[in-house]
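The values are calculated or read from the model by the stated rules, or taken from the named source; none is laboratory data. These numbers come from a predicted model, not from an experiment. Neighbour counts are summed over all protein chains in view; Cβ atoms, including those assigned to glycine, are modelled from backbone coordinates with ideal geometry.
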Amino acid sequence: MQEQSRKPLSRRTFLKTLSTAIGGTAFLPLLAACQGTPPPGGGAQAPSGGPTATVLRAEAGAVEPTPAPRQAAAGRSTVIEVWYPYGGADAPLYEEYWKAFEDENPDIGVNAVYAANDLSTNAKLFTAIAGGKPPDVTWVDGPQVAEWAARGALEALDDRIAAAGIKPENYWSPSWNQTVYEGKVWSLTYGSDPNFGFFWNKDVFVDAGLDPEKPPKTVEEMDEYDTIIAKVDGNRIERLGFIPWTVYGAANSLFTWGWCFGGEFYEPDSRKITANHPNVVKALEWMTAYAKKHDPTKISGFQAGFGSGTQHPFFQGKTAMAPFGPWELSALKRYAPNLQYGIDFLPTGPDGAPPKSSWVGGWTVGIPKGSRNLDAAFEFVRWISTSDTATMIAGKTFNQFPGYRNSPYYNEVQNNPQLKAFYDILVETKHQRPVMPAQAFYTGELARAVDAAIFGQKTPKEALDEATVNTQKELDRILREGIS
Amino acid sequence: MATPALRFKRRGLSPQQRRDLRSGLLFAAPAILGLLIFVAYPVLASIYFSFTSYSILQPPFWTGWENYQTLLFDDPLFYTTLYNTFYIAIFTIPLSVIVAMGLAMLLNVKVRGQSIYRTIFYLPTIVPFVASSVLWLWIFNPQYGILNTLLWYIGIQGPGWISDPSWAKPSLIIMNLWGVGSWMVIYLAGLQDTPQELYEAAELDGATAWQKTIYLTLPFMSPYILFSVILMLIGIFQYFTQVFVMTNGGPADATRVYAMYLYQNAFTYFKMGYASAMAWLMFVMVVLLTFVIFRTSARRVYYGGQ
């Protein structure tokens, strides 16, 4: 006993103190993280099923080093800071924009900074705005517009748009619609993605004994083709006709097929979420039936060997049909130069669903709240969205169909059969994703519903009912708290 | 304790002591200020934010207990993430202890190349989480992965691992075991601290290896095990990077863990208040669990000679 009392510090106390101390401090970063700094490891990769088709292009470049910031040309009286969303192989292409803009606007210089912008990295822009040092111009993804506008991240542009003589009818209507929230315009569309062209691999069609010049015209036909094309060797899938939930993530897949089946996702006047619209349910039931046909875990195992964008199984002839955006044209040329394919409208859904279904995605460009160079910033927004120079760069360099219908690029498109196919889709497009401030939440809920249904944990109806209720609750909360 | 010294100081510092004190504080000021501004303030602020609805740019909107109420009574996904986290914890922690202890005991055996083996088993620990997660994505790939290929050679049809909702959590647990190197090192240090003379005495008395492990090694190692269990528990509540990189919470919510859902609420859905409430609930849970572990283990932990 004597021995013990003389011990200055027992091992027990030491370990106890140490673990309590470490336990306490280990929590601090996490609690602190809620202040607006992402925890370590955050932003490393764009989560799948993000709200934007184009986000997935960024993933391919995620391993590339971050491009260095660009300095404005010397001697400009005003310098604006522009944040653009794509690094990797796309980053050097942006220089064409900055240079062309500086050439046409001798007073304004452009400092350009790469800032990945998707579901997981919004925090950067919000922190910059909260800190009083926002960029003057930023790319805003279509479904983010209402979300950001409602949370006070964007400047309304109505007066400047009116003064510049820009009219709604100058844009493809879904592209214009996605920039209008609560009666105000918050950004201008830069690119209109005709989502999607239906690609089919002619070589695989021949191999499977199908007519390579006859793509399926209906969803039923597409299913029949899949049965003919699919090659399954025991537990191993060698080839599939298509995978319905890999249209740039689960949520975008449901948007694509939901509209294709004649469904609707949102009722703007009554602000009602309609994920459980009977035709959306039907679309998810169809996806679920497809999953059962091949076993969902087997399909996801097959899928896991591939990825999105240029890693998509279509590029390697492992799926024969896929909805793609026009940006894949250059990717196909680069990564699968020998692949023979055709492009058509999406097959028509069952039971009198409207034919030629598609929707518009794509980026817009806006001005973050607190910009100190509003005039120069708007000049850039106007220029990149509507000028002949910029819309030609969008088309020719980025394979990006301009949102501005009067762009001379649309004359050029007529002579290129592949681009013409997409042009025809764009002309027919009626839909854009819901314009409302719970869009990211809705996207997450739709992706969860698709997952739960295809893995058989809930019926499609149950899963979509739940997504509807949850999203409605979230939307109502945002609207009730009057955050606008 | 140190009171006499303090009293002396208060009574009157010599000019030299005062200068020392001033420059000492000055030198420590960056660290103190950093701690106050970047740690203490955010932590305290998050208590306040947890009672608000806060989307960063607009002023926080006071909602009282609403965030906590919604979490506890009106958010099934909260319980799904809690279940996933506990599931991973309940299997990862005991298995990690067993594997790390087994490795440590093996690596404590004096053989040629001992330090090389130690290095090899420690190596996975220094691989960054993102890199090891991508690596494991490929190991787990059901069609092309090395795991299923090996299983196929011995005639077993492997499951879908990370892409199968019922195998996704076990897959993560297996992956976690790969990174027990740092605990192994701590246990190894503990093993070398156990008194050799007791082992010699036991051998003279004819104790078997099993008896030596149960009656000698384990009691001496118990404080180390307690220490590691508590830290592992905390670590698992913060389990994020692997899931973020590998599954993003899928398939079908099977790997949506607590920290992942917290992150989503904060940075995807702009619900900073809700996420702060989640963080504080997590804090309370870990404090309670730590307390329970201390209480229940008190009699089983042996602090050499006490």
If you check A:Phe378 against the conditions, is it buried (at least 17 other Cβ atoms within 10 Å of the Cβ) and farther than 30 Å from A:Ser187 by Cα?
-> no
Given (1) out of contact with any Pro (no Cβ under 9 Å at 6 or more places or on another chain); (2) surrounded by 20 or more Cβ atoms within 10 Å (Cβ to Cβ); (3) farther than 18 Å from A:Gly403 by Cα, A:Leu188 misses just (3)
Residue tally, condition in contact (Cβ under 8 Å) with a residue 40 or more places away in the chain and in a loop (DSSP other than H, G, I, E, B), over the stretch A:180-211 = 6
Which of the residues belonging to the stretch A:235-284 are polar (S, T, N, Q) and in contact with a helix residue (DSSP H, G or I) (Cβ under 6 Å, 6 or more places away or on another chain)?
-> A:Asn276
Just wondering, is there one or more residues in the stretch B:111-123 that are within 14 Å of another protein chain (Cβ to nearest Cβ) and surrounded by fewer than 18 Cβ atoms within 10 Å (Cβ to Cβ)?
-> no
Any idea which of A:Trp363, A:Trp359 is touching a His at 6+ places or on another chain (Cβ under 7 Å) and surrounded by 17 or more Cβ atoms within 10 Å (Cβ to Cβ)?
-> A:Trp359
Among helices (runs of 4 or more DSSP H) completely within the stretch B:189-306, the ones holding 3 or more residues that are surrounded by 15 or more Cβ atoms within 10 Å (Cβ to Cβ) and at the interface with another protein chain (Cβ under 10 Å from one of its Cβ atoms) are B:218-237, B:241-246, B:258-263, B:272-297
Would you please name the residue that is modelled with the highest pLDDT, looking only at residues in the stretch A:55-104 that are in a loop (DSSP other than H, G, I, E, B) and under 18 Å from A:Gly191 (Cβ atoms)?
-> A:Pro85
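Condition (residue is among the polar types (S, T, N, Q), surrounded by fewer than 24 Cβ atoms within 10 Å (Cβ to Cβ) and under 26 Å from A:Asp141 (Cβ atoms)) applied to the stretch A:416-426: is it met by at least one residue?
yes
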Restricting the search to the stretch B:195-233, which residues are touching a Phe, Trp or Tyr at 6+ places or on another chain (Cβ under 7 Å) and over 21 Å from B:Ser96 (Cα atoms)?
-> B:Lys212
Report whether or not B:Val97 is over 30 Å from A:Thr471 (Cα atoms), surrounded by 15 or more Cβ atoms within 10 Å (Cβ to Cβ) and within 14 Å of chain A (Cβ to nearest Cβ).
-> no
From the list A:Lys461, A:Lys473, which residue is surrounded by fewer than 21 Cβ atoms within 10 Å (Cβ to Cβ), facing chain B (nearest Cβ under 10 Å) and not small (Gly, Ala, Ser)?
-> A:Lys473
Please state which one of B:Thr125, B:Thr80, B:Thr119 is of a type in the set (Val, Ile, Thr), touching an Asp or Glu at 6+ places or on another chain (Cβ under 8 Å) and in a helix (DSSP H, G or I).
-> B:Thr80
Exactly one of (1) crowded, with 21+ Cβ neighbours inside 10 Å; (2) more than 14 Å from every other protein chain (Cβ to nearest Cβ) is unmet by B:Asp164. Its number?
-> (2)
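Any idea which of A:Arg151, A:Arg160, A:Arg70 is free of Cβ contacts under 8 Å to residues at least 60 places away in the same chain, among the charged types (D, E, K, R) and buried (at least 17 other Cβ atoms within 10 Å of the Cβ)?
Working: A:Arg151 fails: free of Cβ contacts under 8 Å to residues at least 60 places away in the same chain; A:Arg160 fails: free of Cβ contacts under 8 Å to residues at least 60 places away in the same chain.
Sole residue among the options that is free of Cβ contacts under 8 Å to residues at least 60 places away in the same chain, among the charged types (D, E, K, R) and buried (at least 17 other Cβ atoms within 10 Å of the Cβ): A:Arg70.
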Surrounded by 18 or more Cβ atoms within 10 Å (Cβ to Cβ) and in contact with a Lys or Arg (Cβ under 7 Å, 6 or more places away or on another chain): does that describe A:Ala452?
-> yes
Quick one: which residue in A:Asp118, A:Asp107 is more than 17 Å from A:Gly395 (Cα to Cα), in contact with a Lys or Arg (Cβ under 9 Å, 6 or more places away or on another chain), charged (D, E, K, R) and modelled with pLDDT under 95?
-> A:Asp107
Filter the stretch A:425-452 down to the residues that are of a type in the set (D, E, K, R) and assigned to a helix (DSSP H, G or I), then identify the one that is nearest to the other protein chains (Cβ to nearest Cβ).
-> A:Asp451
Options A:Phe455, A:Phe422; residue that is within 14 Å of chain B (Cβ to nearest Cβ) and of a type in the set (Phe, Trp, Tyr) = A:Phe455
Of B:Ile32, B:Ile47, the only residue that is exposed (fewer than 13 other Cβ atoms within 10 Å of the Cβ), in a helix (DSSP H, G or I) and either within 13 Å of chain A (Cβ to nearest Cβ) or hydrophobic (A, V, I, L, M, F, W, C) (or both) is B:Ile32
Among the candidates A:Thr391, A:Thr397, residue that is without any contact (Cβ under 8 Å) to a residue 24 or more places away in the chain and either within 30 Å of A:Gly234 (Cα to Cα) or in a helix (DSSP H, G or I) (or both) | A:Thr391
Residue pairs meeting the criteria (Cβ under 6 Å; at least 6 apart or on separate chains; first surrounded by 14 or more Cβ atoms within 10 Å (Cβ to Cβ), in the stretch A:212-239; second aliphatic (A, V, I, L, M) and part of a helix (DSSP H, G or I)) | A:Pro212/A:Val206; A:Pro216/A:Met222
Qualifying positions in the stretch B:150-185 - farther than 26 Å from B:Tyr83 by Cα and not in a helix (DSSP H, G or I) = B:Ile154, B:Gly155, B:Ile156, B:Gln157
Criterion violated by A:Ile129 - all others in (1) within 14 Å of chain B (Cβ to nearest Cβ); (2) modelled with pLDDT of 90 or more; (3) assigned to a loop (DSSP other than H, G, I, E, B) satisfied = (3)
Looking at the stretch A:73-122, which of the residues that are touching a Gly at 6+ places or on another chain (Cβ under 6 Å) and buried (at least 22 other Cβ atoms within 10 Å of the Cβ) is farthest from the other protein chains (Cβ to nearest Cβ)?
-> A:Asp118
Within the stretch A:135-155, restricting attention to residues that are at the interface with chain B (Cβ under 10 Å from one of its Cβ atoms) and not aliphatic (A, V, I, L, M), which residue is farthest from A:Leu374 (Cα to Cα)?
-> A:Glu147
